[in-house]
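Take a look at the structure below.
The values are calculated or read from the model by the stated rules, or taken from the named source; none is laboratory data. Everything numeric here is computed off the predicted structure, so don't read it as measured data. Here Cβ is always computed from backbone atoms with ideal geometry, including for glycine, and neighbour counts include all displayed protein chains.
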Amino acid sequence: MGRLTTHVLDTAHGRPGADMRIELFRLGDGRERVAATTTNADGRCERPLLEGAALAAGTYELVFHAGDYFAGLGVKLPSPRFLDLVTIRFGISTPAEHYHVPLLISPYAYSTYRGS
């Protein structure tokens, strides 16, 4: 059974990105929000964002509320924020597989990859 998971690593502070809001959208004829969650103390979601029959082939967007996360930590950010909503658009081609899309983030840079 396929599933989609994510986690956040705060590279500026060298720790998990706890309490970051994340939204997942499915793109097609429009943009449909299919999940919303907040990371736990380990920077992970408590459950997969999608799994089983809900995980369909297609294009998706993960939206990480990074600006609010760093502001909540008391990080002094410019106005407007350099990184605020970090959006990762990616494709699911084989829904039976596990897709793990982590975010490594600081107030001025981020990276991602397809994890296992």
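Scanning the stretch 46-77 for residues that are assigned to a strand (DSSP E or B) and hydrophobic (A, V, I, L, M, F, W, C) yields a count of 4. Annotation note: Cβ proximity below 7 Å between a residue of the stretch 1-24 that is among the small types (Gly, Ala, Ser) and a residue that is part of a strand (DSSP E or B) (sequence gap 6+ or interchain) occurs for 2/51; 2/98; 12/106; 17/8; 17/9; 17/10; 17/105. Of the residues 18, 66, 35, 56, the single one that is over 16 Å from the mean Cα position of the chain (by Cα), on the phi < 0 side of the Ramachandran plot and surrounded by 12 or more Cβ atoms within 10 Å (Cβ to Cβ) is 56. Of the residues screened, residue 111 is not one that is in a loop (DSSP other than H, G, I, E, B), modelled with pLDDT of 95 or more and among the hydroxyl-bearing types (Ser, Thr, Tyr). Looking at 111, 106, 79, just one residue is closer than 13 Å to residue 8 by Cβ and without any contact (Cβ under 8 Å) to a residue 24 or more places away in the chain, and that residue is 111.
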